[in-house]
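Here is the structure we will look at, set down as C-alpha cells.
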Amino acid sequence: RAWIELDARVRSSILMPTIIAVWVLGLMLAFDIDAFHQGWFVAKFLLVIALSGYQGWLGAYGKKLARGERPLSGKAVRMLNEIPGIVAALVVFLVIIRPF
C-alpha cells in the first residue's frame, strides 16, 4: 500500500510539474528561435507529444495497478519501460543533427 501512495505522490508532485515546465519552456524557446518551420524541430515536437501521451497513459495504468488490475504481463511492462529512453535518445539525436 505504501508503494501505491508513493507512486501517486511522485506523479502529482514531481511528474506533472516537470512536464508542465518542459512544455512551457520548450514552447517559449521554440517561439524565440522560430523553430516551427524547421524539420528537425517538427520531428522532435512530435516525439515530445508522443512521450507526453505515454506519460498520461502510464498514469492511468498506475491507477489500474493501484486498484489491483494487471492488464499487461511483466514482460510487456519491461518492454514498455524502454520507450522513454529510446524517445529521449531520438530527441537528442534530432537536436544534434539539426542543420545550422
In whole percent, the fraction of accessible protein surface over segment 1-97 that belongs to carbon or sulfur atoms, probe radius 1.4 Å, stands at 72
Charge tally for neighbours of Gly59 with beta carbon under 11 Å away, counting Lys, Arg as +1 and Asp, Glu as -1, is +2
Compute the distance from the alpha-carbon center of segment 6-23 to that of segment 64-100, in whole Å.
17
Among Ala88, Ile33, Gly74, flag the residue with its Cα farthest along the positive direction of the charge dipole of the chain, charges on Cβ as +1 for Lys/Arg and -1 for Asp/Glu.
Gly74
Tilt, helix 39-66 to longest principal axis of the chain (alpha-carbon atoms), in degrees rounded to tens, equals 10
Per residue, how much accessible area does the chain show when a 1.4 Å probe rolls over the protein heavy atoms, in square angstrom?
74
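The values are calculated or read from the model by the stated rules, or taken from the named source; none is laboratory data. Just so we're clear, the structure is a prediction, and the values are computed from it rather than from any experiment. Note: ideal-geometry Cβ built from the backbone for every residue, glycine included; neighbour counts use all protein chains shown. Ligands, DNA and RNA are stripped out before the accessible areas are found, and what is left, the full protein with its side chains, is counted by its heavy atoms. Shrake-Rupley method; radii C 1.70, N 1.55, O 1.52, S 1.80 Å.
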